[in-house]
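The values are calculated or read from the model by the stated rules, or taken from the named source; none is laboratory data. Here the structure is a predicted model, which is why all the values come from computation and not from measurement. Backbone-built Cβ (ideal geometry, glycine too); neighbour counts: all protein chains shown. Heads up: the accessible areas ignore ligands, DNA and RNA and are worked out on the full protein's heavy atoms, side chains in. Shrake-Rupley method; radii C 1.70, N 1.55, O 1.52, S 1.80 Å.
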Amino acid sequence: MKDKVIAFWKSLFPLVSAIVLFCFLTGCTLPTAAISQLQTGAKNQEAKLTIVCTAFPQYDWTVNLISGAEDHVQIRLLNSHGADMHSFQPTAENMVSMAKCDLFIHIGGFSETWVESALKSSGNENAMVLTLLNHVDKKEEAEIKGVAHDHDHDHNHGHSSDETQVHLHDDEDLVEYDEHLWLSLRCAGDSCRAIAKALCDLDPSQADIYQRNLENYLKQLHLMDAQYTDALAHHTEKPLLFADRFPFLYLTEDYGLSYLAAFPGCSAETEASFETILTLSEEMDAHQLHTILILEGSKPELAETVLGNTKDKEGKILVLNSMQSVTAAQIKGGVTYLSIMGKNLDVLKNALE
């Protein structure tokens with residue numbers, strides 16, 4: 001019995017070390033919930049495949065892929081409190097989850113530059129790390145008409161040498177890749193294929209379930225993709241106008257839509273220059289637009305200012321959901337990736353008609 005106790009505590013030593021180091025570096029104290037998890041860690045694991053997802057889209061995809069194999073899998077969502085993914089930082093409790101996971105799934109863009117150091121601090125050297133940006137046709141962040149030329153385009157994120165963060169052209173200029181891949185149904189399919197492969201590699205005993213779920217979910221993605229194609233095919237002549245950030249590059253390029261925006265996709269800014277406001281107002285008049293789009297959680301003041309500088313001085317303000325701040329409560333209430341994409345299609349049809 002004594003030998004078993006010693007062996008148990010030895011097995012927890014790397015996890016304890018990682019947590020202590022994290023708390024020391026951040027100046028935080030270990031929460032009660034984390035202590036409880038640590039004390040019952042061995043019991044909770046019980047040979048289950050443990051998965052950690054950084055954000056809602058890949059969490060929901062994975063939930064669909066493991067359907068029917070829940071007894072073999074434990075899945076956690078790190079950003080479950082609605083924090084904007086651009087400002088999210090892991091808590092000590094998140095670090096506990098990372099230290100015990102078998103599969104860590106993240107997007108891999110500038111908003112997740114914290115991942116590399118957090119994984120090192122967790123002490124988990126055996127986890128499979130799946131970077132979804134490596135498994136899609138990633139796009140360079142585009143120059144957006146509407147953003148003033150003197151606008152400061154600063155993500156306020158650290159740069160990494162990881163291939164998902166930056167690439168170097170021959171002229172040594174840094175290339176920034178748009179990270180909002182989940183807003184493309186086609187990239188969602190590629191991501192699900194990568195997740196399913198990881199699940200099969202780590203848990204071959206349930207591979208038939210994962211593959212069957214993948215096929216079924218891909219059919220749902222393809223069906224909604226066809227709905228988007230049919231609904232938007234005849235509305236490519238007029239641009240979408242965002243009085244906000246623009247994280248919809250992948251979606252608009254999938255269906256040949258043009259766009260105008262106040263800020264780039266990852267911008268943390270909310271104050272637009274007068275030149276930007278004037279440009280957007282003039283474009284509304286030129287294209288005879290009657291709708292302005294903003295993101296979930298954004299205030300409408302900028303959109304109202306743009307409308308106030310148009311000739312008609314009126315129009316609709318509609319909300320398009322970028323899925324960057326979905327909460328655990330919303331998930332419990334039935335919100336899914338496909339339900340949000342369905343509502344977004346309704347908003348786009350309304351805006352373009």
Qualifying positions in the range 229-248 - in a helix (DSSP H, G or I) and either open to solvent by less than 20 Å² (accessible area, probe 1.4 Å) or in contact (Cβ under 8 Å) with a residue 40 or more places away in the chain (or both): Ala231, Leu232
Total residues in the range 62-78, condition under 20 Å from Cys187 (Cβ atoms) and either part of a helix (DSSP H, G or I) or touching an Asp or Glu at 6+ places or on another chain (Cβ under 7 Å) (or both): 4
Condition check for Ala34: at pLDDT below 70, under 26 Å from the mean Cα position of the chain (by Cα) and assigned to a helix (DSSP H, G or I): yes
Failed item, numbered, when Leu345 is tested on (1) out of contact with any Phe, Trp or Tyr (no Cβ under 8 Å at 6 or more places or on another chain); (2) assigned to a helix (DSSP H, G or I): (1)
Test: residue in the range 295-302 that is under 30 Å from Leu78 (Cα atoms), of a type in the set (D, E, K, R) and within 17 Å of the chain's Cα centre (by Cα): yes
The range 188-228, residues that are of a type in the set (Ser, Thr, Tyr) and either in a loop (DSSP other than H, G, I, E, B) or open to solvent by less than 60 Å² (accessible area, probe 1.4 Å) (or both): Ser191, Tyr210, Tyr217, Tyr228
Single residue of the range 98-117 satisfying the filter (without any contact (Cβ under 8 Å) to a residue 60 or more places away in the chain and open to solvent by less than 30 Å² (accessible area, probe 1.4 Å)) that is farthest from Arg193 (Cα to Cα): Trp114
Any hit, the range 52-61, residues being in contact with a Cys (Cβ under 6 Å, 6 or more places away or on another chain), crowded, with 19+ Cβ neighbours inside 10 Å and within 19 Å of Cys187 (Cβ to Cβ): yes
Verdict on Thr291 being touching a residue at least 60 places away in the same chain (Cβ under 8 Å), surrounded by fewer than 22 Cβ atoms within 10 Å (Cβ to Cβ), of a type in the set (Val, Ile, Thr) and in contact with a strand residue (DSSP E or B) (Cβ under 6 Å, 6 or more places away or on another chain): yes
Meets criteria (touching a residue at least 24 places away in the same chain (Cβ under 8 Å) and of a type outside the set (Lys, Arg)) for Gly297: yes
Where a residue in the range 324-353 is modelled with pLDDT of 95 or more and its partner, wherever it lies, is assigned to a helix (DSSP H, G or I) and acidic (Asp, Glu), with Cβ under 7 Å and at least six apart: Thr336/Asp60; Tyr337/Asp60
